[in-house]
1. Mind listing whichever residues of the range B:142-198 are assigned to a helix (DSSP H, G or I), more than 30 Å from D:GLU111 (Cβ to Cβ) and among the β-branched types (Val, Ile, Thr)?
2. For E:PRO87, are the conditions met, namely being exposed (fewer than 15 other Cβ atoms within 10 Å of the Cβ) and at the interface with another protein chain (Cβ under 9 Å from one of its Cβ atoms)?
3. Within the range A:219-227, can one find any residue that is under 19 Å from A:ALA319 (Cβ atoms) and either touching a Ser or Thr at 6+ places or on another chain (Cβ under 7 Å) or hydrophobic (A, V, I, L, M, F, W, C) (or both)?
4. Mind counting the residues in the range A:142-163 that are at negative phi and within 12 Å of chain B (Cβ to nearest Cβ)?
5. B:ARG97: within 12 Å of another protein chain (Cβ to nearest Cβ), within 21 Å of B:THR243 (Cβ to Cβ) and either assigned to a helix (DSSP H, G or I) or modelled with pLDDT of 90 or more (or both), yes or no?
6. State whether the residues of the range E:44-52 include one that is crowded, with 24+ Cβ neighbours inside 10 Å, among the hydrophobic types (A, V, I, L, M, F, W, C) and in contact with an Asp or Glu (Cβ under 6 Å, 6 or more places away or on another chain).
7. Picking from A:PHE175, A:PHE110, which residue would you name as being touching a residue at least 24 places away in the same chain (Cβ under 8 Å) and over 26 Å from B:VAL412 (Cβ atoms)?
8. Do you know which residues across the range E:4-48 are touching a residue at least 40 places away in the same chain (Cβ under 8 Å) and either within 7 Å of another protein chain (Cβ to nearest Cβ) or within 16 Å of E:ARG74 (Cβ to Cβ) (or both)?
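The values are calculated or read from the model by the stated rules, or taken from the named source; none is laboratory data. Everything numeric in this text was worked out from a predicted model, so none of it was measured. Neighbour counts run over all protein chains shown; Cβ positions are idealised from the backbone, glycine included.
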Amino acid sequence: MLIAALGLPLLGGVLVSMQSQSPNTRDICSLVTAVLLFLLVLGFYPSVLAGNNPTLVLAEPIAGLGLKLTVEPLGLLFATVASGLWILTTIYGVGYMRGNSESNQTRFFFCFAISIAAAIGIAFAGNLLTLFVFYEMLTLATYPLVTHKGNADARRGGRTYLGILLVTSIGFFLFATLWTYAITGTLDFREGGILSGHVGPGTAMILLTMFAFGTGKAALMPFHRWLPAAMVAPTPVSALLHAVAVVKAGVFTILKISVYIFGVDFIAETGAGTIVMWAAAFTLTAASFVALTKDNLKARLAYSTVGQLSYVIVGAMLANAAGIIGATMQIAMHAMGKITLFFCAGAIYVATHKTEISQLDGLGHKMPFTFAAFFIGSLSIIGLPPMGGAWSKWFLLMGSADAGQWVLIGLLLLSSLLNIAYLLPIVGRGFFRPLPADDAAHASANTIQEAPLNCVVPLCVTATGCVALFAFGGAIYDYLLLLFPKT
Amino acid sequence: MIEQLPAIVLLLPLLAAPICSMIHNGDYAWYLAAASCWLAAAAAVGLMAQVWGGHTISYHMGGWPPPWGIELVIDELSALVVILVTVFAALVISALRESLRPKMRKHRHSLYYAAYLLCVASLIGITVTGDAFNVFVFLEISSLSTYALIARGRDRRALIASFRYLVMGTIGATFILISIGFMYMVTGTLNMADLAERLPALSDNRVVQASFAFFTVGVALKVAIFPLHLWLPNAYAYAPKATTAFLAATATKVSLYVLIRFLFDVYGLEFSFQQMRIDLLLIPLSIAGILIASLTAIFQTDAKKLLAWSSVGQLGYMVLGVALLNTAGLTAAIAHMFNHAMIKAGLFLALAAMIYRVSSSRLDDLAGIGRQMPLTMAAFTVLGLGLIGVPLTAGFVSKWYLISGALDKGWVPLAAMLIGSSLMALIYIGKIIDVAYFKPCKPEHAEVREISPTILIPCWVFALMSIYFGIDTRLTAGVAGRVAESLLGISS
Amino acid sequence: MALLLDIVSWITLMIGSFFCITAGVGLLRMPDVYTRAHAGGMIDSMGAGMIFFGLLLQAPDYLIAIKLVFTFFFLLVTSLASIHALAQTVNVAGVNPKLANIVNRLEKNRQKESPPSN
Amino acid sequence: MFTALFNYWVVIVLMMAGLYIVMASGHLVKKIIGLNIFQTSVFILFISMGKVAGGTAPILKDGISVFSNPLPHVLILTAIVVGVATTALGLAIAVRIYEEYGTVEEDDIAEMDNHDQDLDIAEYQRIESGK
Amino acid sequence: MINMVLLMLLLASVYAIIRLDRLLTAVLLTSLFSVLVASIFMVLDAVDVAFTEAAVGAGVSTIFFLAALAIVGRQCKPTPRRKIIAPLIVVSATGCVLLYASLDMPRFGEPLAPVHQHVAPRYLNDSAAEVGPPNIVTSVLASYRGYDTFGEVGVVFTAFIGVLMLLGAGTRRTSIEPPTPTGAPKESMRKKVVLKEVADLVIAPVLIFALYVQWHGDFGPGGGFQAGVIFASGIFLYALIYGIEPAQRLLPPRRLAYFPAIGLLLYAAVGIISMLRGGNFLNYSVLVNDPLHGQHYGILAIELGVGITVAAVMINIFFSFSERSL
């Protein structure tokens, strides 16, 4: 079963790369693989709910330390999010690619499939080594996607992307992994963590900081440069980067390490997470301020993602049940919300080739569905009740209250206000502003209308998804309680 | 037949050499050379099968028992090194035919193959022999054939590089001869196992200490440990194209094997490390070697020089692994011997293919080669990632053991330095990949097209092997682990 | 009889070594190359000759005696021939002997062939 | 005491003289002469190891019982021919260097090499690709 | 006492070599150095080694040096002042280590030294019974450590391949006179009448002596190496006197290039036959049913192999050098 989960996307990738001649069969086959994967991942739920974690050792590169895959609740949730959104992104991708008639699409879908395989690998990693292996695979697989256009700035963006991610991962992450291996002799993810008792508070703090900054994909402030630089990529790639795979993998890694390597109670008693928490808090606010200044739509969304990711890290570092649950929910909610926003940005680009926010006046009338979805997505990101985002923000605030971090609560509320400040004006500009003069002339010729159908449909699905998550909030909460069998 | 295997694995290339020199037609000579190398590789695998799990074979040459006659001793470490030498020699020779064709007259080809086979045979001879003086004799054959191979370089600077290598190599070999003489003077025997029994008793004897000093300096010259490495960059940079692949992969590794064999087996762990404190000398030298070599590699403008300097750096890793004196460190050294040989052979082969087409090894002449020779460059990139130590490649496994070895000893700054140096590797490999893929191609190289399969297949075999041995490490890290434990005297 | 042989060989060995020493001094003191070549020649012919003769008397059996004679013959022929070659090459190169004022014979016929232009 | 180790001390001085010639001389052939002397002095060390006071050459002859040790002789027989092989190859390379560079002085060659670096390599290549 | 005098002479000649800038005299002094070393070996009872050292050290390597100098020229620049200090320091450091080591060395000529206790006694006592020839050095060289000599022939063969690759096989038809030292105008052969007569007188005995040394290696000093080298020096004498051209007609280099390979293969063939007959590589006792005869034949065969290889290699290298000295 587990082999199928990892093998399927790889097989899909290979199949895709084979039919480079007939685009239709290629798109269908990648779609089918996406759906099959999603069903497969759902198949794991009964066994995980029953409490046993199926494990599988792929190979033994290093004596006593194999490439191990285990399915545990946290990983399963991330896998569901990733595989679910992969389906939507593939549909959207096909529409986008056809719409813009992009070049070498086969390579695009091939790398797409490989990165999803890597994301699944990260989700089900059994020990830190497997996590690191798939983390590197994800970096290398997404590199061709980022430099898809192949022009000068795409290459420059690609170089910063690869440079920062490889340097941080080899420089800090590998070093911290080896250090833990040297101290504890094992790297397996285990309930309650493996470090408690082996290491003092000082080294624990250094280790956790290295892990946090080592995961470049979590975009903590000094190492966030790659995310805006990766905006040169086409929108489905940015969607993949920001919502489905890359950044989510980053924060998920930090979450998994803090829960299964350090152990929640160990972080709480040694206070190892303080540096990382305040770094995340700083990233949170700074990113929101920078997002305000950005006129380019995708740049603004990128900085908003940097901010939202730090919510997850803050939740992880609070080291109490509410914080962790809030962080995990934030992963799901933000994924759903942010992918909607990116789909809208893509749809606007496909329909009107406009990328700057100032050009979006009055498009709301012309593209009602896109802007409505954008509105719902923004609400979910901001965290207002009818959308799923509310739950995660709620639990994060509850977590900070339990941990007695009043300053943190203030910062969280401030950043929510800032979210409102940089998201809602876009919606306002779309609906309430009249079309500018020259566009009005075109309007009669009816050139501006909704993006092609298979761009708009995924939009609406993800928008309804945000609302659905709000309803299923309780179900997710009970599921996450599995993480803490003892409490 | 089976118990004659140690002699057969040596005789195949050694006898193929004179026959090759007699055949005037270049192609037949190549067929014979390739056949003998592949047969020797098969015999080596047979040897490893016999020795798997820690047994040793002793083969009495000429039928005389050891201290009087010469014996061949094969344990897992020597079987691994023999496999390394024979398999990579076979792979490189199958690529050798293409790159030699235009440059030399027919007759010179067969001489070239003869020298190549002699080098392969003598490297096997060094690894397999259990007699100290025999090591000197075969070391001399391998050095002489290496000087001849390097002097065949296209560029006139190859000659001066080969001459300098000859002078330093001969001084090194004579130092080894002096140390063997001293050892013989105080123990009366030349057989390594016999020496191992008698030397510890004489550990405070000045002659033994002097022989230890001379031996280390002599072999350090051959292994190109930091201060004595000056001959290596020029020798590898100007040697004929495909020969560097073979030399880089095996020559220095076998000398490192001799160093390990003598430090641990003949002089014994207590004498060489506790009493003579050789690790206090080796560790700073290897660290300096790694840093300076990697730094110089970054600033090189010539691709082959860059890879040659990176070889010096990687050798520093192996020596550091040996000097760490714990199981993880020694496993790293032995595993890295195999992994680095494989990766460096592939890199030099791919580079040779590109230089063969572009006829210059300067970096800005290789601009845009990624698009013209996609498959070769792809193999180069995979191997380059292996050199950096990206997971799922062989380089990662040995880096992992080395750094965990350093951490086991509690030297965190050393581990940090190792990580830093692998980042330096990232920079200089990235430099080549960046030039190859992202720079526009030069006008006069517009019509460059892919290399012929005879070179492409070995390149890709090396690339796939570097991935395979990143996953299934029973042969490399498994054997290295067992050997490390037996060398350090930890009964597992 | 044995005593007589010993005395005679002792004498010949002394004479032989005397010759060697004088020839050695000659090698150093002689003015030009020809005379030094003569001194060198004398070592092998007279010095070595007398020593070999002395040894011959001491030889225990025939085999060694024959070997001694054979070595002496070989030594004599080769070394004197090489000194001849040395002297001739020097002469061909046009070095005039210092002591005697005879003009070099080759010099003469060279002048004969090319009529004196001056 | 003096006569006991005299042999070895002289051999050590000879070795160091040979090494000095190799390092100090700039002329390639002189270096090879130095190498030759260095190796030959090591051979004397080996042979003087094998000498037994009052022993004769290790050729069995009835009536003689004390022999010198034959093993160093065998080793040195091999080592002498190794020395000649290295000298022959070294001289061959020196001759080839003379033909290519026109000189056998180490520092002239080094300065020519640096000049090669500045020489426009592209032009050098054109000759190469023209061949 | 004698070897002390000889060693002092050695020191004097080495000092002269260091100081000399005229390479021709330096080469001749190296040849003198080898002769002195050969005589020291004689005094130290190493007869075989003295034989080889004289033939190889004084004979062949001097010829190679002279051939190289003929091409490269005879003058070398004196080493400037600043280049003397560094080598001096390194050399004196190594020298001190060696002197430090010499303090514990067993006394010169000490019968109880460990060297004579462990491995050597068996060679001295049992070699007559086990291997046969009275000359123990030949029996150890060919039988006990036959593999070493096999490696040795490999070294010679490698040098041959190396020189052949670098300088070509000396096949270019060049009728050139041997280089007259002063480069004087070419004299007709008439001038060489004395040398020709002496050469005719001497070359034949030299070649016969080489064959004698080849087959006599078991009983007296001698063996493959020495025989090969003496044979080669005979041919050199012929070539120097009569010119390279007739010598190359006598032994055409293209066919001569096969002989080193044949010698090495002969040596290996003996080893392989012993493998096929059940013994290990180079175990001569299994060659014939009676072990002692087997050893005898084995030694004769490999000595012949060694002789052929060494002679052919030396002559070929000489032809390669001479072809280059235009």
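1. Across the range B:142-198, the qualifying residues are B:ILE176, B:ILE178, B:ILE180, B:VAL186, B:THR187.
2. Considered against the rule, which asks whether it is exposed (fewer than 15 other Cβ atoms within 10 Å of the Cβ) and at the interface with another protein chain (Cβ under 9 Å from one of its Cβ atoms), E:PRO87 comes out as no.
3. Taking every residue of the range A:219-227 in turn, at least one turns out to be under 19 Å from A:ALA319 (Cβ atoms) and either touching a Ser or Thr at 6+ places or on another chain (Cβ under 7 Å) or hydrophobic (A, V, I, L, M, F, W, C) (or both).
4. The total comes to 12.
5. Against the criterion (within 12 Å of another protein chain (Cβ to nearest Cβ), within 21 Å of B:THR243 (Cβ to Cβ) and either assigned to a helix (DSSP H, G or I) or modelled with pLDDT of 90 or more (or both)), B:ARG97 does not qualify.
6. no
7. The match here is A:PHE110.
8. E:ASP21, E:ARG22, E:LEU23, E:LEU24, E:VAL27, E:LEU44, E:VAL47, E:ASP48
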